[in-house]
Amino acid sequence: MAIEPIIPASLKATYDSLHFAPAVRKGGTLYLSGVIASLEEGQEGTDEQYAAGAERAFEQIDLVLKEGGASMADIVSITSFHIDFRKHIRALAAVKDKWIQEPYPAWTVIGTTELFDPLGFVEIQVTAHVDR
């Protein structure tokens, strides 16, 4: 069974320049690359700003899942990599709860020191399963 890259049109330039797929499918499982939630230049990191960055990240996750024929309800596992998570975990969790309903997937929260985007505060990676 071959690996199939999942590449929404709006993310094709990233695929071409950085040489990684937003997601790949192997059988009925989609493995999404990490999506970085970030502040905008000059922002201090208020709850509202963290929530806006998280919202943009979950919108991208939703886009990639849909491109792969899945939905947020198909997520079985989330791994998130946080810079100073105590500053933004409440805002992030509130946004996550808007997008992901019961039954909740597994979720692993990991602290780290740096992300690819210097304005990023969390990188969210998900795995989804769709019965074919």
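What follows draws every value from the coordinates through simple rules; no lab data is involved. Just so it is clear, the structure is predicted and the values come from calculations on it, not from any experiment. Methodologically, a virtual Cβ is constructed for each residue, glycine included, from the backbone with ideal geometry; neighbour enumeration extends over all protein chains shown.
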(i) 7.6; (ii) 8.2; (iii) 9.0, with the label sought being that of the calculated mean projected area of the Cα convex hull in nm²: (ii)
So how far, in whole Å, is the C-alpha centre of region 73-99 from the one of region 8-35? 20 Å
If unit charges are put on Cβ atoms (+1 for Lys and Arg, -1 for Asp and Glu) and the dipole of the chain is taken about its Cα centre, the option from LEU92, PRO103, ILE3 lying farthest towards the positive end turns out to be ILE3
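Hey, which of these cross-link pairs are over 26 Å Cα-Cα: LYS26/LYS87; LYS66/LYS98; LYS26/LYS66; LYS66/LYS87?
Values: LYS26/LYS87 36 Å; LYS66/LYS98 17 Å; LYS26/LYS66 16 Å; LYS66/LYS87 31 Å.
With Cα atoms farther than 26 Å apart: LYS26/LYS87; LYS66/LYS87.
Ranked by Cβ crowding within 10 angstrom, fewest neighbours first, how are LEU63, LEU18 ordered? Let's see the in-between values first.
Values: LEU63 16, LEU18 10.
Listed from fewest to most nearby Cβ atoms, that is LEU18, LEU63.
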Just to check I understand the Karplus step: with θ = phi - 60° and J = 6.51 cos²θ - 1.76 cosθ + 1.60, what whole-Hz values come out for region 58-64, glycine and proline as x? 5, 4, 5, 4, 4, 4, 5
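Can you put HIS19, HIS129, HIS88, HIS82 in order of Cβ neighbours within 10 angstrom, beginning with the fewest?
Working: HIS19 7, HIS129 14, HIS88 24, HIS82 21.
Ranked by crowding around the Cβ, least crowded first: HIS19, HIS129, HIS82, HIS88.
Using Cα pairs under 8 angstrom and six or more residues apart, how large is the relative contact order of region 15-65, in percent?
With pairs under 8 Å counted, the relative contact order is 31 percent.
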Between ARG56 and GLN43, what length in nm is gained on full extension when 0.36 nm per residue of separation is reduced by their alpha carbon distance? 3.1 nm
Give the angle, between 0 and 90 degrees and rounded to the nearest 10, that separates the Cα long axis of helix 89-99 from the longest principal axis of the Cα atoms of the chain. 40 degrees
Cβ-based exposure ranking for ARG25, ARG56, ARG86, in which fewest neighbours within 10 Å come first: ARG86, ARG56, ARG25
